[in-house]
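In what follows, a single structure is set out as structure tokens and then discussed.
Derivation of every value follows stated rules applied to the coordinates shown; laboratory data play no part. A quick note: this is a predicted structure, and the numbers were derived from the prediction, not measured. When we count neighbours, we look across all protein chains shown, and the Cβ atoms used for this are built from the backbone with ideal geometry, even at glycine.
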Amino acid sequence: NWKGKPTTHHPAPSPFGIPYRSLYSRNIENLFMAGRNISVTHAALSATRVMATCSVIGQAVGTAAAIAVAHGLTPRGVYQHKLAELQQQLMEDDAWLPWHERAIPELSRRARLSASDGDPEPLRNGIDRPIDDEDNGWRGPLGAWVEYSFGEPTRVSEARLVFDSDLNRGWRNMLANYPLNLEPRTVPSCMVKAFRIEGKRGDEGYRTLARVENNYQRLVRVPLAAEVDAVRFVAEETWGSSDVHLFAFDVR
């Protein structure tokens, strides 16, 4: 009988990407796979089989299926012809693909970006979360603002924001048991709870285009439909933090 430890841990490189080609059948033309039945070795399965990873695999497969239907493609056809579109759509929906950057809308890229506090340029670097020692975000006190200026009246249809949801909270992400005296799970204190989007046209000053209260989501899209010279995000309240942490602010 073996008297040593029951298993041997082989550390995997982190992060690592999961190839899209492992998510569809090699010999059944219209078959996707998501979850623990994807095509991996037994060693790779030890990491890809966990619940949170399976959920993002499901997101990738669902997005790929939508692209396949829209363009009349097979799963392999998405790989051959629309892989870049699939990757960009996943990142637009706040999935993280290591070593890839989200494409920034043209309107946001060519506008002048300024803020009441700090350097806001990381908000349009295409990376919507901390990576190693790079924060990839902007911080400011409550009431601080970030603004895109266009230099002329410009039609804007939507603002896209990504807030800090405390992704690095470690062991608190998923509990293995739930005792009766467990403290209630709450929205992370760093999450922005209330904010407004303002627009400026000529000498009219700023007016509120949209206001969001009781937000608890990391990715937020706000419809705008306005013609303005400038658009700004103004932070009003968090779920407890004294400052605001924002990873992305785009307008289109």
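Could you work out the pair-distance distribution P(r) of the stretch 42-107 from its alpha-carbon pairs, with 5 angstrom bin width and percents rounded to whole numbers?
4, 16, 22, 21, 20, 12, 3, 1, 0, 0
Over the chain, calculate the relative contact order: mean separation of alpha carbon pairs under 8 Å at least 6 apart, over the residue count, as a percent.
Values: 423 pairs, mean separation 50.1, N = 252.
Result for the chain is 20 percent.
Round to the nearest 10 and give me the degree value, 0 to 90, for the angle of helix 51-71's Cα axis relative to the longest principal axis of the chain.
Long axis of 51-71 versus the principal axis of the chain: about 70 degrees.
Which loop-located trypsin sites (Lys or Arg not before Pro) does the stretch 112-189 contain, where loop means any DSSP state but H, G, I, E or B and the Cβ has at most 16 other Cβ atoms within 10 Å?
Working: sites: ARG112, ARG124, ARG139, ARG155, ARG160, ARG169, ARG172, ARG185; in loops: ARG169, ARG185.
Hits after loop and neighbour filter: ARG169, ARG185.
How far is the Cα center of the stretch 204-249 from the Cα center of the stretch 61-81, in Å?
Going from one Cα centre to the other spans 34 Å.
³J(HN,Hα) across the stretch 88-96 via Karplus (A = 6.51, B = -1.76, C = 1.60, θ = phi - 60°), whole Hz, x for Gly/Pro?
Karplus values, whole Hz, x for Gly and Pro: 5, 5, 4, 5, 4, 8, 6, 7, 9.
If I take R0 = 22 Å and measure r between the Cβ atoms of LEU219 and ARG169 in this structure, what FRET efficiency does the formula 1/(1 + (r/R0)^6) give, to the nearest 0.05? Can you show the working numbers first?
Values: r = 17 Å, r/R0 = 0.80.
In this case the efficiency is close to 0.80.
The stretch 46-134: which chymotrypsin sites (Phe, Trp or Tyr not before Pro) are DSSP loop and have at most 12 other beta-carbon atoms within 10 angstrom?
Working: sites: TYR79, TRP96, TRP99; in loops: TRP96, TRP99.
Loop-located and lightly packed - TRP99.
Could you give the dipole magnitude of the chain about its Cα centre, charging the beta-carbon of Lys and Arg +1 and that of Asp and Glu -1, in debye to the nearest 20? Mind showing how you got there, number by number?
Values: 30 positive and 31 negative charges, 248 e Å.
The calculated dipole for the chain is roughly 1200 debye.
Once you put a point 7 Å from the Cα of VAL50 and another 7 Å from the Cα of ASP133, both along the Cβ direction, what distance in nm separates them?
Simple spin-label model gives 2.6 nm for this pair.
Do any GluC sites (Glu not before Pro) in the stretch 112-221 lie in a loop, going by DSSP, with at most 15 other beta-carbon atoms within 10 Å of their beta carbon, and if so which? Walk me through the intermediate numbers first.
Details: sites: GLU134, GLU147, GLU158, GLU198, GLU204, GLU213; in loops: GLU204, GLU213.
Sites meeting the loop and neighbour criteria: GLU204, GLU213.
Restricting things to alpha carbons, tell me how big the stretch 186-232 is in terms of Rg and Dmax, in Å.
My reading of the Cα-based Rg and Dmax gives 13.0, 43 Å.
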